[in-house]
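**Student:** Structure provided below as structure tokens; questions to follow.
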Amino acid sequence: MVEVFKTNVSDGFSATLLLDALHADHLLYMANFDLEDRDRVLRVKCLVGEVDAPGVIALLHKHGFAAEILPDEVPRLSVNLLT
């Protein structure tokens, strides 16, 4: 499973420290930051089972950063039924 978080992490040094801490606590997680995205996205994939989203958020908070789950957004298709 993959979980996507909006964060306020703005620099590569902090991102690296957070990823190291996350991987040390969760050996089955693969994670990365996209700091160029406006939401400074953290993507976390669990190789077995689900991502502990509250735990990830707590880890970032512990290090002085904010995080929240980004909801899945599926674009709606407009269908014209009157043809």
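**Student:** Compute, for the chain, the length of the dipole vector about the Cα centre, with Cβ point charges of +1 (Lys, Arg) and -1 (Asp, Glu) only. Units Debye, rounded to 20.
**Tutor:** Here the chain has a charge dipole of around 100 debye.
**Student:** If you don't mind, another one. What length, rounded to one decimal in nm, is gained on full extension from Asp37 through to Ala66, with 0.36 nm per residue of separation minus their alpha-carbon distance?
**Tutor:** 8.9 nm
**Student:** Out of (1) 1.07; (2) 1.12; (3) 1.32, which label holds the value of Cα Rg over 2.2 N^0.38 Å that was computed here?
**Tutor:** The listed entry that was calculated here is (3).
**Student:** How far, in degrees from 0 to 90, does helix 53-62 lean away from the longest principal axis of the Cα atoms of the chain, to the nearest 10?
**Tutor:** The angle comes out near 50 degrees.
**Student:** Quick one: length gained pulling Met30 to Met1 fully straight, 0.36 nm per residue minus the C-alpha distance?
**Tutor:** My answer for the length gained is 9.4 nm.
Where a number appears in this text, it was derived from the coordinates with a stated rule and is not lab data. Note that this is a predicted model, so its numbers are computed, not measured. Here Cβ is always computed from backbone atoms with ideal geometry, including for glycine, and neighbour counts include all displayed protein chains.
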